[in-house]
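See below for the structure under consideration.
The values are calculated or read from the model by the stated rules, or taken from the named source; none is laboratory data. Keep in mind the model is a prediction, meaning the values are calculated, not measured. Here Cβ is always computed from backbone atoms with ideal geometry, including for glycine, and neighbour counts include all displayed protein chains. Protein only, heavy atoms only, side chains kept; ligands, DNA and RNA dropped before computing areas. Shrake-Rupley method; radii C 1.70, N 1.55, O 1.52, S 1.80 Å.
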Amino acid sequence: MKIVRSSIVTACFTVAMFVSCNTAEVKDESVTKETEALLTNLKKQSKKGYMFGHHDGTLYGIGWKGDEGRSDVKSVCGDYPAVLSFDLGHIELGAKRSLDGISFDTIRQEIIRHYERGGMISISWHLDNPVTGGNSWDVTDTTVVKSVLEGGVNYDKFQGWLKNLADYLNSIETEEGVKVPILFRPWHEHTGSWFWWGQKLCTTQEYKNLWYLTEKSLKMEGVNNLLYAYSPGGDAVDYMERYPGDEYIDLIGFDTYQFGGEAGQEEYISQIKKNLAFLDEYSKMTGMPYAITETGYEGIPNTGWWKNVLEASIGEYCPAYVLLWRNAYDKENHYYAPYPGHLSSESFISFYDNPRSLFLNNIENLYK
Ligand code: BMA
């Protein structure tokens with residue numbers, strides 16, 4: 001997610017009149033059968049409700065880290081999130097630990113555990129800036145994307161980074177040798193300019209080429225357990241402007257947060273509704289599933305937020321999932337899901353009780 005508040009929404013989307021769902025198809029014939037099944041089931045299941053997701057949810061939470069089987073969400077409502085997401089920032093460097101200080105071996109183990117519980121996994125990638133050596137948020141140089149593309153000065157270096165990523169993705173397999181299907185969500189929030197691949201940091205064609213190169217390189221390395229998600233910021237002026245094309249994308253989504261305290265609520269609700277309307281319309285045309293790929297209100301300082309804001313904004317739309325950002329162990333007040341005793345817990349339990357929100361025990365087999 002971005003760190004600072006972005007400018008006022010000027011997005012202009014077609015408003016969907018009806019909510020409907022068509023049949024989804026996997027474009028890359030070489031993906032594993034479990035990955036193909038995941039895409040079909042995502043679409044099918046979204047008719048029933050939306051899965052609840054939490055970033056890093058079983059790795060750590062408020063007041064704990066690394067306790068096997070623990071999750072703040074489960075401690076509050078009794079069930080695991082149906083979706084867990086993880087971040088692979090620093091895998092590109094060949095590091096042992098992620099940018100958030102979690103060992104990649106632990107992340108692999110948690111991914112496999114969640115797959116074996118029947119849950120879904122998504123991965124984001126806050127990778128370093130290959131030119132400056134700074135992090136994803138280092139936007140001091142506007143030639144970074146160009147430099148990693150074919151013919152660019154950092155092409156070879158970036159290929160090495162993609163190889164490290166590919167090796168890791170290929171290594172996420174069960175004891176029976178099944179590679180775990182993953183919804184991969186690179187180059188996210190690019191409609192803002194806070195990441196080195198953002199709007200003002202590269203041209204439209206360079207951004208698209210970055211996608212093409214990423215997918216091609218991962219496929220060349222035999223990565224066949226990925227679905228690809230496109231997720232601009234919720235305040236995107238033009239959602240499709242840098243869209244790589246349906247043949248490269250399996251799920252469309254957006255990232256949006258409530259910023260600015262209670263005063264930001266109206267804008268947050270309007271962003272959710274506007275984006276869901278557009279995605280629902282696009283989904284009707286293409287059969288592609290859609291999701292709220294990142295969201296939340298830091299610290300959730302509103303007792304009724306889950307029912308009155310999140311659930312109310314989703315309304316009757318049918319996103320495949322809605323994912324809340326992490327309950328950080330390493331940053332004060334940086335959490336997006338409740339923990340036992342939190343002031344929004346009661347509202348969260350009502351949200352959980354709504355048959356349209358799907359937690360782990362509510363979902364059907366996603367991989368068959
Ligand atoms: C951001 C924050 C950071 C974190 C990054 C990657 O939104 O949570 O603290 O390092 O995501 O997980």
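When Asp246, Asp280, Asp156, Asp330 are compared by accessible area of protein heavy atoms, the largest-first order is Asp156, Asp330, Asp246, Asp280, using a 1.4 Å probe. Applying the Karplus relation 6.51 cos²θ - 1.76 cosθ + 1.60 with θ = phi - 60° to segment 168-179 yields 3J(HN,Hα) values of 5, 4, 5, 8, 8, 9, 6, 4, 7, x, 8, 6 Hz, where x marks Gly and Pro. Each label point was placed 7 Å from the Cα along the Cα-to-Cβ direction; for Asp330 and Lys368 their separation is 3.9 nm.
By the gyration tensor of its Cα atoms, with a ≥ b ≥ c the square roots of the eigenvalues, what is the shape of segment 10-362: rounded for a/c under 1.5, prolate for a/b over b/c, or oblate? Note, shape of segment 10-362 comes out rounded. Taking a straight line from the alpha carbon of Lys44, these lysines sit under 16 Å away, with near neighbours fewer than eight places off in the same chain left out: Lys284, Lys368. Working note: Karplus 6.51/-1.76/1.60 with θ = phi - 60° gives segment 263-273 the couplings 5, x, 4, 4, 5, 4, 4, 5, 5, 4, 5 Hz, where Gly and Pro are set to x. The trypsin sites (Lys or Arg not before Pro) of segment 103-158 include none that meets both conditions, a loop assignment by DSSP and at most 13 other Cβ atoms within 10 Å of the site Cβ. Karplus-based coupling profile of segment 45-53, in residue order and whole Hz: 5, 5, 5, 7, x, 10, 6, 9, x, with θ = phi - 60° in 6.51 cos²θ - 1.76 cosθ + 1.60 and x standing for Gly or Pro.
Using a Gaussian network model of the chain in which every pair of alpha carbons under 10 angstrom is joined by a spring, one finds that among Asp67, Asp138, Asp235 the greatest mean-square fluctuation is at Asp67. The residues of the chain expose on average 38 square angstrom of accessible surface per residue, using a 1.4 Å probe on protein heavy atoms.
List the pairs from Lys96/Lys179; Lys96/Lys331; Lys146/Lys219; Lys47/Lys96; Lys157/Lys208 whose alpha-carbon separation is above 30 Å, in the order I gave them. The answer is Lys47/Lys96. Of the residues Thr132, Cys202, Pro340, the one whose Cα sits farthest towards the positive end of the charge dipole of the chain is Pro340 (charges of +1 on Lys and Arg Cβ, -1 on Asp and Glu Cβ, taken about the Cα centre). For the chain, the dipole from Cβ point charges (+1 on Lys and Arg, -1 on Asp and Glu) about the Cα centre works out to 280 debye, to the nearest 20. Distant-in-sequence amide contacts of Gly53, defined by a placed amide H-H separation under 5 Å and a gap of 5 or more residues or a different chain, comprise Val83, Val322, Leu323, Leu324.
For segment 121-278, rounded, prolate or oblate, judged on the Cα gyration tensor with a ≥ b ≥ c (square roots of eigenvalues), a/c < 1.5 rounded, else prolate if a/b > b/c? Taking the square roots of the gyration eigenvalues as a ≥ b ≥ c, segment 121-278 is oblate.
Solvent-accessible surface (1.4 Å probe) assigned to Lys219 amounts to roughly 80 Å². Taking 7 Å steps out from each Cα toward its Cβ at Thr140 and Glu247 produces label points 4.0 nm apart. Charge dipole of segment 307-368 (Cα centre as origin; +1 on each Lys and Arg Cβ, -1 on each Asp and Glu Cβ, all else neutral): 140 debye, rounded to the nearest 20. Other residues with beta-carbon under 10 Å from the beta-carbon of Gly101 carry, at +1 per Lys or Arg and -1 per Asp or Glu, a net charge of 0. Largest GNM mean-square fluctuation among His126, His334, His190, using the chain with Cα springs under 10 Å: His334. Within the accessible surface of the chain, defined with a 1.4 Å probe on protein heavy atoms only, the carbon and sulfur portion equals 49 percent.
Loop-located GluC sites (Glu not before Pro) across segment 52-161 with a Cβ neighbour count of 11 or fewer within 10 Å are Glu68, Glu150, with loop assigned by DSSP.
For segment 57-75, the residues whose backbone nitrogen is under 18 Å from a point 7 Å from the Cα of Asn361, taken along Cα to Cβ, are 69-75.
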